[in-house]
Structure formats: structure tokens, C-alpha cells
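Reviewing the structure listed below.
Derivation of every value follows stated rules applied to the coordinates shown; laboratory data play no part. It should be emphasised that the depicted structure is a prediction, and the values quoted were computed from it without experimental measurement. Using ideal geometry, Cβ is built from the backbone for each residue, glycine included, and neighbour counts are taken over all protein chains shown.
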Amino acid sequence: MPAAPGPFEQVYTTHVVGIYRFVYARVGNRPDAEDLTAQVFIRAVEQLDTSREPRQIAAWLYRVAQNAVADHWRAFYRLPVVGIDHVAPGWEPAEEPPDAPAARDGATSDRLRHLLDTLPDRYRRVLELRFLERLTVAETASAMGISHGNAKVLQYRALRRAALLGEAGDG
Amino acid sequence: MADERDPRAERFARYLDALTEGGRPSPGDVAGDGEAEMAQLAAEMAAAASQAGDPDPAFVEQLRRRMRAADDGVAAVQVPPPIRDARAVPGGRARWRLTRRQLLQSGIGAAAGVAAGVIGVTLAQRPAARPTLGGDGELVAGEGFWAEVALLDELPDGSALRFTTPAFDGFVVNDGGEVRALSSVCTHMGCTLSYRPDWRDLRCPCHGASFDLEGRLANGRRTWRDNPYRGDARAYPIELPDLVRPRVKVEDGRIMVWTAQA
């Protein structure tokens, strides 16, 4: 075993949790978050100059992560990624890079909260039950006193409305 | 609202179920106009509500080993081309490690393998090779070195791990106790395959090709009549070459993949 970690391992140790959280917040599931996190660090091995300033390294990593997420959505759903993320291409982290994404994710929550609050009651309710309280479709249906099939239709319509609102809100 | 069933909502509900149950959602369930934006929004909400924002320690350790390998020079792409004058690696019996400098100075090639006392794993005897473009069974090369990609302990039966070496991106899989390495590049258009443990296949996100753990197209038309692929409504429309399979060996519980060098 190595006496001291090498430069890549050091960069990795410093940033793996932050990058993972950053990615997870955008794809919402562990398998994809792990794949994208791995992609970021493999790209780092190929392209990152570890002798750069720590701040520059952090900025580089988060930019690569940002692009990896965008590519993920593009490749899987064949659409241009618009509005879903508000990080400018040249986004640079604050003084403490690992904290910066966490702060941003707080902003993301605020945005989602605001979005939910602008939805009609039943739409808001179904999304809260499904995603914030993590109920299954069956549990949601029973909590709302509707059929299983209706709960699926309702969550579909609620998301559609929310996605449209989100888009409008970006302008 | 009356009890209604909407096929779109039913399909999309499968995506949401996978998302909220912690699985990998299938892009195939996101097909309609505007549904991609809905999927992204759902993903963000699922993430915002989740307390599971931290990575799995096993994942972190596995990726760490890849970083360490990079530090060691195994994956150092900055390494200039041919390496000659092979020299035994000191301490080869323990974890195989080299500094980038050593990698530059010494050819690792066959010598490292011999010095470390190689025990090759038995690979499945494949049926008579079919002509392919992408690869014809094992990839065997002259110059190169063995890169450690995972520990056997981390690869229980039916699992797969992704690895990257300077020359190659692939999976090591444990198929009923037999360890194999397979390219992760779809032989159709080069998209990156994902391993699906439930199906024991490598699936292409672009057009839905599935490769079995011997690297053969599993949902192609040729085999469809006798053996339609579970879960797919239709056969993959064209035949594809097999996945490339580099050489692999297990040594002291470590899985090593042969990495060719130009």
C-alpha cells in the first residue's frame, strides 16, 4: 500500500463526496449518480493537471460534472437540456469548493418548493406524497382516496404541469 | 375524476417507480413529448427529498482504487508510447504497484506477469468463432501489461464492475464463477453499455441492444424465433459483432486485465 496518497487520489478524496452529491441532486438515483461520478474522475485522470491550484481543480471537476449530467440527459432522453440547471458554463466555486454545491442545492430546493407551491392543490399533493414523503403509488392513491390508475394519471399530469411552469419560470 | 387508465401515465409510472425505489430508471419509459423535462424534474425532487445523498462506501473505495492505479501509472495516459526493456517489478507479490516513473522506465509487459507467478483463469470455450467486425473472442495483444481492475471479493456471481485502462474501457463480470472481461462499447454505434444484474446482460442505452455475458448480441433477430428475449417486445433489428474480450486473469484474488500498448 502507498505511504502517501498520490495526486489523483488526493483530488479524489477531497472531492468525491461533493461531486457525488452534486450529480445525485440532478439525476436522483444512485446507479446513475455512481456512473457519472466515476466518469468525472476518469476524465480527471485523463485530462486534469493535478498541479493546478486547488480552486481551479475544483472548478474543473464541477464543470466536468455539470457537462456529464447534461450529456446524461441528452443521451438518454434526446433533448436539449434547458432550464433544469442554473449553473452557468463558467461557474466557479466559492472559496470553499466542497461547500459550494451544497449551497447551490439549497437553492435548488427553494426553486422546487416554489414550483410546488404554484401548482393546484391536488397536483402539489400528489407530488409531495410521491417524492417528498416517498409513498408508493398505491399508498398515495389510498392517502388521496383515489384509484391506483387515477394516482398514476394524476402524478403524470402534475409533473407535466410542473415542468411547464418550471420552463416558464426560467425565462 | 373517473377511474381512467392512460397508457402514457402507466408507462411513465414505471420510470417514477424505479426512481423512487432507488433503481436505475429506464429511458425507454420516457418516450412522449415533454416527458424528458418531467423526468428531470422528478429526478430533482427525488434527490431533494432523499436523505441518501452520500455515496455508498463500497463505491467510493472501488473508484478510489482506480484513482490509485492512475497515480501508480497504470492508467497514466500521459505515458509516451512504446515501452521496452522489461524488468521485473519489485514487490510484485504484494499489490502490484508501479510509479509512473517506473512505468516510463520499465516495460511491464510479459515480464511482470511472469515475475508475479501468473495463474490464468480458464475462459469459457467459445463455439466456433463467427466473423465479426467488433471483436472475435478474446483480444490478445503483444505489447502491454496487466492492469489490476478489481478484487475478486468485490465481484460475486452475477455481478459486473466497470473498469478503465489507458487502452480499454470495459466490464469484468462473474458469470457462474467464471471471470470475463468485456468491452463496454456497443458494437453498433459506440454507445456505452450498462450492466443490468437482473438480466445479466450489457444493455445499450442508445438503441436497446443487449449483449450476453459472453459478449454476443442476445436480443437479435437470428435467435429471436427460438428464444425471444425476455422483456423486449421486438428483436433488435440488425445483427451486431460480438463485444471485444480482452484477456483476464485472477491472481491472489485480484482481477487483472491485459492492457495492450501501441
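Length available on full extension from A:T13 to A:R52: 0.36 nm per residue minus the Cα-Cα distance, which gives 12.4 nm. A cut-off under 13 angstrom between Cβ atoms defines the neighbours of B:G22, and their net charge, with Lys, Arg +1 and Asp, Glu -1, is -2.
Between B:D226 and B:W199, the contour length at 0.36 nm per residue exceeds the alpha carbon distance by 7.9 nm.
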